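Everything on this sheet refers to the single structure shown next.
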Amino acid sequence: MPNVIQVHGRKDMINWYISFLDKIGMEMYKALIVLIILMVVFPIVTSAQEKKYNVETESVSEYVDKILNGPISKEGLKKMPYKIWFNTNYKTYLVDTQTLKNIKKKSLKGVQIKAFMGTWCHDSNREIPRLMRVCEELGIYDQLELYGVDVNKKSRLEQEEGWDVRKTPTIIFLRDGEEIARILEQPEVSFEHSMELIFNQ
């Protein structure tokens, strides 16, 4: 009798082991399917983002052949020919950290900055890298949106529509979706000084 019980015990263990392997196999199968989906979808999403940002179009300016048109990222400005002016103005600018300390952190809540620039424009070439440095120092770089426009102040996705963009750069400051200030071409003193006045008002 004990031998029969022992045999049944072994069968139960074997069945449990097979069931366990089946379960593990199914989980691995599911994980493999998820991995395959990610490998297919991620490059498509990344490609779509790359197509949206840093798109070059022909320039109507006699000074440059191509311009960045529409949404722009820092990565786009680090590429030729834009990096010639971007790297110089970005790396050499000394941020006035003392003035930035006067900006109340709570005043940055709900803030958004839309900057319409021209990669063909000397003012944009000089000021936008500085603006980016200041926003990074303030910890609000992810609240900054850059858009490239042509010499007619138009862009391929028309993000400038409704913002009355007449000069480059036009930098619009918003809080909770409402415009609170704008800087045209360049700040009177510096971005640090202007932001202190704008955000603390």
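Taken together, the values in this text are just the output of simple stated rules run on the coordinates, not laboratory data. Note that the structure is a prediction, hence the values are computed from the model and not measured. Don't worry about glycine lacking a Cβ; one is built from the backbone with ideal geometry, like all the others, and counts go over all protein chains shown.
Please compare each pair in LYS78/LYS167; LYS52/LYS167; LYS105/LYS154; LYS106/LYS153; LYS74/LYS101 to a cut-off of 31 Å on the Cα-Cα distance and tell me which ones are over it. As for pairs spanning more than 31 Å Cα to Cα, those are LYS105/LYS154; LYS106/LYS153.
Here the label points at GLU161 and VAL64, each 7 Å from Cα along the C-beta direction, are separated by 2.4 nm in the simple model. One chain, two ends: ILE36 and GLU188. Fully extended at 0.36 nm per residue, the span grows by 49.3 nm beyond their Cα-Cα distance. Annotation: peptides 52-65, 127-140, ranked by per-residue average of other Cβ atoms within 10 Å with the highest first, follow the order 127-140, 52-65.
Computed over the alpha carbons of segment 56-199, Rg followed by Dmax gives 14.6, 45 Å. The residues neighbouring GLU136, those whose beta-carbon lies less than 13 Å from its own, together hold a net charge of +1 under the Lys/Arg +1, Asp/Glu -1 convention. Other residues lying with their Cβ under 11 Å from the Cβ of VAL189 contribute a combined charge of -4, Lys and Arg counting +1, Asp and Glu -1.
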